[in-house]
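So the structure is just underneath, and the comments pick up after that.
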Amino acid sequence: MTTGDASVNGGLSQEQLDFLRASLERLRMDLRARLEREQGTAREAEPQVEPIDAAEQTREQDDAISFAERDRARLREVEDALRRMSAGSYGVSVISGEPIAFERLLAVPWARYDADEEP
């Protein structure tokens, strides 16, 4: 498998792939750490006596749950991108089969299709 081949990893150079892999791995690490913090926030609830304090605590827990759901979804996308990279199909649109522009992957390294394609 050669990364210079346009059919492998969207024709990205090894340097581009290495940069994008490092970005994805860093993002995966950040998401995992954030998920741990968010889960800790959701669990650290002590019953509040004052209604205002209880309402604030409930809002914080609800926010933590919402953020965790979003982060879990993003983590799945990042891990999927890393799997596609290992399989040689990273950087190729799942819609058209055409290469995804490097600029798009810089902005959204987990992208599965090009910006002008509709999912």
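Some points to look at:
- 3J(HN,Hα) along the stretch 77-91: 5, 5, 5, 5, 4, 5, 5, 4, 5, 5, 7, x, 10, 5, x Hz, from the Karplus curve 6.51 cos²θ - 1.76 cosθ + 1.60 with θ = phi - 60°, whole Hz, x for Gly and Pro.
- Computed from backbone phi, the HN-Hα couplings of the stretch 29-39 come to 5, 4, 5, 4, 5, 5, 4, 4, 5, 5, 5 Hz, rounded to whole numbers (Karplus: 6.51 cos²θ - 1.76 cosθ + 1.60, θ = phi - 60°; Gly and Pro given as x).
- Förster radius 25 Å - calculated FRET efficiency between A115 and R32 (Cβ-Cβ, nearest 0.05): 0.35
- Total formal charge among the other residues, if their Cβ is under 9 angstrom from that of S93, Lys/Arg +1 and Asp/Glu -1: -2
- With one equal scatterer per alpha carbon and no solvent term, the Debye-computed log10 I(q)/I(0) for the stretch 64-119 at 0.25, 0.31 1/Å reads -0.97, -1.21.
Values in this text are rule-based calculations from the coordinates and carry no lab data. Since this is a predicted model, take the numbers as computed values, not measurements. FYI the Cβ positions are ideal-geometry reconstructions off the backbone, even for glycines, and counts take in every protein chain you see.
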